[in-house]
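None of the figures in this text is laboratory data; all of them are computed from the coordinates on show. From a predicted model like this one, the values you see are computed outputs, not experimental measurements. Neighbour counts are summed over all protein chains in view; Cβ atoms, including those assigned to glycine, are modelled from backbone coordinates with ideal geometry.
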Amino acid sequence: MMFERFSVEGYGAIVTGGASGIGLAFVEALADSGARVAILDMDSVSLGKQVDRLFARGLDVRGHKLDVTDRKAVDQVFAEVAAEYGRLDVVFANAGIDPGIGFSNPDGSPSEAGAIENYEDERWNRNIEVNLNGIFATIRAAARHMKRGGGGGSIVVTTSIAAYLNEGMIGAAYMAAKAGAAHLARNAALELAPHKIRVNAVAPGFIVTNIGGGWLKQPEVQNSIGATIPIGRIGDADDLKGLALFLASPASSYITGAQIPIDGGVSLGKRLA
Ligand SMILES: NC(=O)c1ccc[n+]([C@@H]2O[C@H](COP(=O)([O-])OP(=O)(O)OC[C@H]3O[C@@H](n4cnc5c(N)ncnc54)[C@H](O)[C@@H]3O)[C@@H](O)[C@H]2O)c1
């Protein structure tokens, strides 16, 4: 049956940053489809709440408090989860933090603090640490366990349209981190292909989540940004579920090294009015 190609039944999966937003949608897509899912997140309050909620729905989920910038802890949690599940089929390297200020304000005026000559080390380092180094630590741990398991696997990295599009409102460090994560994913895809481990990236556009203090939840922001998006609206985390299941399952068995935009057409450019 065709739908069997999309089955992740019985898979062992890990989702970083899975207690909120896009990561939570990935968790639900996998767990609702019969996978066992370990949610790794540094926010223990949201983590506890989501694990309880999903567990009460009868889903096979577990939570681990983890900061992906702590590489020893990443290795430790991956070892625990792999031992518990006895297999690791799917890893979503998704945890990330907001872009911070860019060189333009939302009204198009120049932003002093986001200007390259004023860009603070702390802002630069933190973004690279989570959004690039955290992805490296996650891919590395995933590769170790999947190679050892010998049964292949699927690694999915959450990048952003900021990995290849420049936008004045988005911080420079985020652009660099996401572009780095995207290229790292392609390199890992090439390296791991002989082991039947696929590595792909999803590049979301504007999706309503808790990122940046949940700024995209404001109706006026949604309307103004939504009007610039070819599909005519801002995205919802649920919009990512189909792609998540596709990339996790054998339905995408011949796809590796791809970065798939999921952005309502933003990457296509602006339509003339
Ligand atoms: N929402 C968007 O519009 C959008 C667009 C493009 C890319 N993204 C990317 O999607 C990913 C998920 O973001 P989201 O929008 O769902 O945001 P979110 O804030 O709703 O969720 C992010 C989750 O990651 C966790 N997290 C943050 N830093 C962590 C760390 N160091 N270790 C472990 N967990 C950590 C947070 O606690 C949170 O639960 C990020 O990589 C983000 O850059 C989001």
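Which of Y85, Y254, Y11 moves most in a GNM of the chain, Cα contacts under 10 Å?
So, out of Y85, Y254, Y11, the one fluctuating most is Y254.
For the stretch 2-262, what is the number of Lys pairs with C-alpha distance below 24 angstrom, counting only pairs 8 or more positions apart or on separate chains?
The result is 12.
Which FRET efficiency value, to the nearest 0.05, is calculated for Q76 and D32 with the Förster distance at 22 angstrom and r the Cβ-Cβ distance?
For R0 = 22 Å, the calculated efficiency reads 0.20.
Please sort 183-190, 156-163, 87-94 by packing, taking for each peptide the average over its residues of neighbouring beta carbons within 10 angstrom, highest first.
By packing density, highest mean first, the sequence is 87-94, 156-163, 183-190.
How large is Rg over Rh for the chain, taking Rg from the Cα atoms and Rh as the Kirkwood inverse mean of 1/r across Cα pairs?
For the chain, the value is 0.96.
Which value, in debye to the nearest 20, gives the size of the charge dipole of the stretch 2-262 about its Cα centre, when Lys and Arg are +1 and Asp and Glu are -1 at the Cβ?
The dipole of the stretch 2-262 has a size of about 960 debye.
Counting each pair of different Cα atoms once, what's the Kirkwood radius of the stretch 128-273 in Å, rounded to one decimal?
Hydrodynamic radius (Kirkwood, Cα pairs) of the stretch 128-273 is 16.2 Å.
Can you tell me the orientation of helix 172-192 relative to the chain, as the angle in degrees between its alpha-carbon axis and the longest Cα principal axis, to the nearest 10?
30 degrees
Between H183 and E9, what is the label-to-label distance in nm when each label sits 7 Å out along the Cα-to-Cβ direction?
Label-label distance for H183 and E9, simple model: 4.3 nm.
Given a cut-off of 19 Å, what percent of all Cα-Cα pairs of the stretch 208-273 lie beyond it?
46 percent
Placing unit charges on C-beta atoms (Lys and Arg positive, Asp and Glu negative, everything else neutral), compute the dipole magnitude of the stretch 1-51 about its Cα centre in debye, rounded to 20.
Using only the charged Cβ atoms, the result is roughly 40 debye.
For the chain, what is the calculated [θ] at 222 nm in deg cm²/dmol (nearest 500), taking -39500 (n - 2.57) for each run of four or more DSSP H residues and dividing by its residue count?
So the calculated ellipticity at 222 nm is -11500 deg cm²/dmol.
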